[in-house]
Amino acid sequence: MCKEISIPDAMDILYELGKSCETTEAPDRIAAQASLMPRDVAIIALARLYVIAETRARFANAKLTAVMDKNGEKI
C-alpha cells in the first residue's frame, strides 16, 4: 500500500490510527498498517512514536510527583 512514504507521514498515519481505534484493538491495527510500509520506515516511525509516548508518561509522572507531598497527598 505505502510504497513511497516518509517517516513523518508514517508516524502521522500510525498515530491517527491509534487515536481512532479502541485501546484493545489499536496495537493490532497499528501493526497491520506498519507491515504494509517499507520495513525501515515502519521501524523508525514506531520507535519514534514509542519514545514520544514514553517521554509523555515520564513527564506526567514527574509532574504528579511534584504536586504531591511525602504522604501522597496534594499540596
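The values are calculated or read from the model by the stated rules, or taken from the named source; none is laboratory data. This one's a predicted model, so the numbers in the text were calculated from it and none came from an experiment. Note that each Cβ is placed from the backbone with ideal geometry, even for glycine, and that neighbours are counted across all protein chains shown. Note: areas computed on protein heavy atoms with side chains; ligands, DNA, RNA excluded. Shrake-Rupley method; radii C 1.70, N 1.55, O 1.52, S 1.80 Å.
Things to note:
- Complete set of residues in region 6-44 that are of a type in the set (Ser, Thr, Tyr) and part of a loop (DSSP other than H, G, I, E, B): SER6, THR23, THR24
- Residues of region 14-49 that are open to solvent by 80 Å² or more (accessible area, probe 1.4 Å) and farther than 16 Å from GLU4 by Cβ: TYR15, GLU16, LYS19, SER20, GLU22, THR23, THR24, ASP28, ARG29, SER35, ILE43, ARG48.
- Pair list, Cβ under 6 Å, 6 or more apart: region 6-34 residue farther than 17 Å from ILE52 by Cα, other residue loosely packed, with under 15 Cβ neighbours inside 10 Å and of a type outside the set (Val, Ile, Thr): ARG29/CYS21
- Residue under evaluation ASP69, criteria (1) open to solvent by less than 80 Å² (accessible area, probe 1.4 Å); (2) at pLDDT 95 or above, criterion not met: (2)
- Failed item, numbered, when LYS3 is tested on (1) open to solvent by 60 Å² or more (accessible area, probe 1.4 Å); (2) modelled with pLDDT under 95; (3) not in a loop (DSSP other than H, G, I, E, B): (3)
- Residue match in region 45-58 (condition: assigned to a loop (DSSP other than H, G, I, E, B), of a type in the set (D, E, K, R) and modelled with pLDDT under 95): no
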